[in-house]
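Okay, so here's the structure we're looking at.
The values are calculated or read from the model by the stated rules, or taken from the named source; none is laboratory data. Not measured: the values here are computed from a predicted model. Cβ sites come from the backbone with ideal geometry, for glycine too, and all protein chains shown count toward neighbours.
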Amino acid sequence: MKEIIHFSHANGFPASTYRTLFAELSDDYELRFLERIGHDPRYPVTSDWPHLVEELLADIDRRYEQPVWLVGHSLGGYLSLMASLKHPHLVRGVVMLDSPIIAGWRANVLRFSQWTGLDERLSPAAATRKRRTHWASRDEAWRHFRAKPAFARWDERVLADYVDFGIPQIAPGGARALAFDRDVEYRIYRTLPRTLGARLAHGPSVPVGFIAGTRSKEIRQVGLEATARAARGRIEWIEGSHLFPMERPIETARVVLGMLRRLREEDGR
């Protein structure tokens, strides 16, 4: 029987966007996930994301009888780590994909910027508020995103899945709309966790690995000091931006598999 990876997606990108990555991992693991985090009114988006962590934990507790591996990209990596801190008995280990831990003076800067509203200008939050939400057809949505520099770097299979699952058809004539509510996306950006570093003062509760993009702006902003401590030096690099799982899904899968083997061997379970 295969071990289970419970995957958590990045902000704004439903989990089915990662189907190419999942296909590469599925020979060795069973892949499961929540399609859209933050859209259940029982788990609202608030500062430091406590309810989103509860949403993830509730799904894990409901589905599995044994501890599972948590793998998450960006938002999903943070939530996976926070879930493991709260209920480590549900988790075998965590692999974070470009989710650098904000700690120390940077956490204080984040707290101040969130209080003043400066964080909106320093993150994708401002653009999210004006994000386009509707397209006349699949072809129009494809052309819209393919023309954007960030999306132009994506593997075409991943972009196709984003168009199909992230912008599903909503009317018989072919009209499409974003599946991920842009207000939810905006609130997630505005409530980034600023206490995670302090909660990791005594180390993580389970083995942690980190995979980073060589051109990740997020890592340049945050640094890797706190992340390296939490991961105990288990850091791997992939050529690409913060969205490297979309740009290089096959290579990402290979590195995730290697990291999971490393965590299993070093944990001795």
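Quick look at the values:
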item	result
Extreme residue, surrounded by the most Cβ atoms within 10 Å (Cβ to Cβ), among residues of region 152-205 that are of a type in the set (D, E) and part of a loop (DSSP other than H, G, I, E, B)	D155
Filtered residues of region 232-248 (kept if in contact (Cβ under 8 Å) with a residue 40 or more places away in the chain and either part of a helix (DSSP H, G or I) or within 19 Å of L79 (Cα to Cα) (or both))	H242, L243, F244, P245, M246, E247
Residue within region 97-116 that is buried (at least 17 other Cβ atoms within 10 Å of the Cβ), at pLDDT 95 or above and not aliphatic (A, V, I, L, M) present	yes
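Matching residues to (1) hydrophobic (A, V, I, L, M, F, W, C); (2) touching a residue at least 40 places away in the same chain (Cβ under 8 Å); (3) over 21 Å from R215 (Cα atoms):
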| residue | (1), (2), (3) |
| --- | --- |
| R62 | no, no, yes |
| L75 | yes, yes, no |
| Y78 | no, yes, no |
| L85 | yes, yes, yes |
| G93 | no, yes, yes |
